[in-house]
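Data block below; observations after.
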Amino acid sequence: MPGSIKLPIPILPTPLELPRINLEVPSAHIPGYKPMVIPPSDLERPEGVKAVETTEQPEPPKLEIPGIDIQLPLPTAEVVTTATYAAVAAVATTTLATPFFEQIKKKLQKFLQGKIDKWKENRKKKKTSLTESKENEESLKKSK
């Protein structure tokens, strides 16, 4: 073909032989639980069987965190209930009492500021009266 351009064919190096990496499918430990069996509410002891009295204290409940070898003891229901009541009472008291204390604070601040201003005025008056009395004494001494 007339007027066609001939492009040179590039010489490329052969690619490197890289080993193939085989990746295994990841697996995970799925936590499970033991099913809890709840007896019916009308369950009674058979006749002739006596109740076994135990003096053992039940083990306190603990929180087990997977992945960490730490067991945290959980508080009893009485402790949680008491803490909840105390927290609710503290928040309610603070919420209700804040407006009253703010009004008292404003009035007390105005009262104290008035007393401070009056004290400053009295002090200023005393200083001016002292300087005037000194000037009067000096003028009397000069006139003699």
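The values are calculated or read from the model by the stated rules, or taken from the named source; none is laboratory data. Values in this document were obtained by computation on a predicted structure and should not be read as measured data. Backbone-built Cβ (ideal geometry, glycine too); neighbour counts: all protein chains shown.
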Next item on the list: For segment 40-50, indicate whether the set of residues that are surrounded by 10 or more Cβ atoms within 10 Å (Cβ to Cβ) and acidic (D, E) is non-empty.
Entry: no
Margin query: Of the residues K105, K62, K124, only one is closer than 30 Å to P31 by Cα, surrounded by 10 or more Cβ atoms within 10 Å (Cβ to Cβ) and charged (D, E, K, R); which?
Written below: K62
Check: Of L23, L63, L16, which residue is among the aliphatic types (A, V, I, L, M), under 33 Å from the mean Cα position of the chain (by Cα) and not in a helix (DSSP H, G or I)?
Finding: L63
Check: Given the conditions (1) at pLDDT 80 or above; (2) in a helix (DSSP H, G or I); (3) surrounded by 10 or more Cβ atoms within 10 Å (Cβ to Cβ), and given that P75 satisfies all but one, which numbered condition is not satisfied?
Finding: (2)
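In the set I116, I104, I65, which member is β-branched (V, I, T) and within 30 Å of G32 (Cα to Cα)?
Just a single option satisfies the conditions, and that option is I65.
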Check: How many residues, within segment 78-97, are surrounded by 10 or more Cβ atoms within 10 Å (Cβ to Cβ), over 30 Å from Q57 (Cα atoms) and among the polar types (S, T, N, Q)?
Finding: 2
